[in-house]
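The values are calculated or read from the model by the stated rules, or taken from the named source; none is laboratory data. Fair warning: this is a prediction, and the values are worked out from it, not measured in the lab. Cβ sites come from the backbone with ideal geometry, for glycine too, and all protein chains shown count toward neighbours. Calculation scope for accessible area: heavy atoms of the full protein, side chains included, ligands and nucleic acids excluded. Shrake-Rupley method; radii C 1.70, N 1.55, O 1.52, S 1.80 Å.
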Amino acid sequence: MQRFKLFIPLLVFVALAAVFFGVERKIQGGDYAPTDLPSALLNQPLPVFSLPALDDGRILTNSDIQGEWFLLNVWATWCPTCHYEHPFLVSLAEQGVTIYSVDYKDEAAAARRWLAEKGNPYKATIFDAAGSFGLDLGVTGAPETYLVDGEGIVRFRYQGALEQKVWDRNFAPLIAKLPVLGAGQ
């Protein structure tokens with residue numbers, strides 16, 4: 001029994017190496033993406049909210065952001081990845097993509113300054129200082145982006161920075177399948 005105890009560290013090492021090797025093979029094969037996190041909101045209505053707008057403090061609710069499909073981007077000035085992602089969001093907005101945002105657990109003055117300096121791709125920004133709406137969304141960190149259809153149903157969630165490759169692989173195919181409101185009605 002004493003000799004067996006000597007091999008326990010080796011067995012633990014072999015088991016961990018096998019797990020890491022398996023994950024690495026999935027990553028190389030494209031079958032694993034650490035940003036693909038499940039969302040309890042998938043195919044569910046966007047949570048009900050009533051929060052101030054960042055720019056003028058008016059109260060925004062779900063009814064203010066419904067219509068055709070849109071992106072809901074969760075960001076903050078303290079988020080380094082949000083800095084990387086922001087130029088792509090500006091580009092999407094210039095192409096006509098409707099983007100609303102949630103400024104998550106941030107300082108309003110810093111967020112307004114950020115948008116003034118970097119450009120504002122958002123149709124409206126929901127100011128979520130306490131993070132209550134983020135909690136309802138299931139936010140695990142910024143940035144996160146949700147694709148919401150015209151009826152207010154969350155169709156996709158992506159955690160991490162949006163960029164062209166992510167847009168083409170994840171968002172564009174889903175958007176192409178979304179019905180246009182009013183068509184056939």
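So here's what we get for this one:
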{"read-out": "77, 145, reordered so the largest accessible area comes first (probe 1.4 Å)", "value": "77, 145"}
{"read-out": "Full-stretch length increase - residue 117, residue 94 - with 0.36 nm per residue and alpha-carbon distance subtracted", "value": "6.6 nm"}
{"read-out": "Residue list for segment 66-101, given a label point 7 angstrom along the Cα-to-Cβ vector of residue 129 and an amide N cut-off under 16 Å", "value": "77"}
{"read-out": "Accessible solvent surface per residue of segment 50-177, calculated while the other protein chains remain in place, 1.4 angstrom probe, Å²", "value": "44 Å²"}
{"read-out": "For a label point 7 Å along the Cα-to-beta-carbon line of residue 53, residues of segment 84-102 with backbone N under 18 Å", "value": "98-102"}
{"read-out": "Accessible surface of segment 50-177, 1.4 Å probe, proportion on carbon and sulfur as whole %", "value": "51 percent"}
{"read-out": "Approximate spin-label separation residue 83-residue 61, in nm, with each point projected 7 Å along Cα-to-Cβ", "value": "3.9 nm"}
